[in-house]
Amino acid sequence: MALANILSEMPDLLRRTLDEHTPDAQGYCRECRDASGVSAAWPCVTRQLAEEAENMAGSGRSPVATERPSVAGRRRARDLSSSSDLL
Ligand SMILES: [Zn+2]
């Protein structure tokens, strides 16, 4: 939660995170691979954090991003409704 808060104050980093942590054809994050090549399922923890931060930044301030894959918007709505259980 605190990390998302920090990210929401850093629009450049937030934007880059959202740009980089995108799903590949198999639905795994392109960015989150370990040395053995294993990827995290997308949306990865980092992506979810960034979207949470984006929500914070969007409320009362100008949105960081205007164009995003529609899947992100759908995921974000679901993540929001379940985030109280996760955090
Ligand atoms: Zn990732």
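Results, tabulated for the structure shown:
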item: Pair list, Cβ < 8 Å and 6+ apart or interchain, from segment 30-43 residues that are free of Cβ contacts under 8 Å to residues at least 24 places away in the same chain and near the ligand (Cβ under 7 Å from one of its atoms) to residues that are acidic (Asp, Glu) and not in a loop (DSSP other than H, G, I, E, B); result: 31/20
item: Single match in 53, 35 (criterion: in a loop (DSSP other than H, G, I, E, B) and modelled with pLDDT of 85 or more); result: 35
item: Residue list for segment 5-22, restricted to those being near the ligand (Cβ under 9 Å from one of its atoms) and either of a type outside the set (Asp, Glu) or over 15 Å from residue 47 (Cβ atoms) (or both); result: 17, 21, 22
item: Condition check for residue 16: modelled with pLDDT under 95 and open to solvent by 60 Å² or more (accessible area, probe 1.4 Å); result: no
item: Given (1) open to solvent by less than 30 Å² (accessible area, probe 1.4 Å); (2) at pLDDT below 95, index of the condition residue 64 fails; result: (1)
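The values are calculated or read from the model by the stated rules, or taken from the named source; none is laboratory data. For clarity, every value in this text was computed on a predicted model and none was experimentally measured. Please note: Cβ atoms are built from the backbone with ideal geometry, for glycine as well, and neighbour counts cover all protein chains shown. Accessible surface areas use protein heavy atoms only, side chains included; no ligands, DNA or RNA. Shrake-Rupley method; radii C 1.70, N 1.55, O 1.52, S 1.80 Å.
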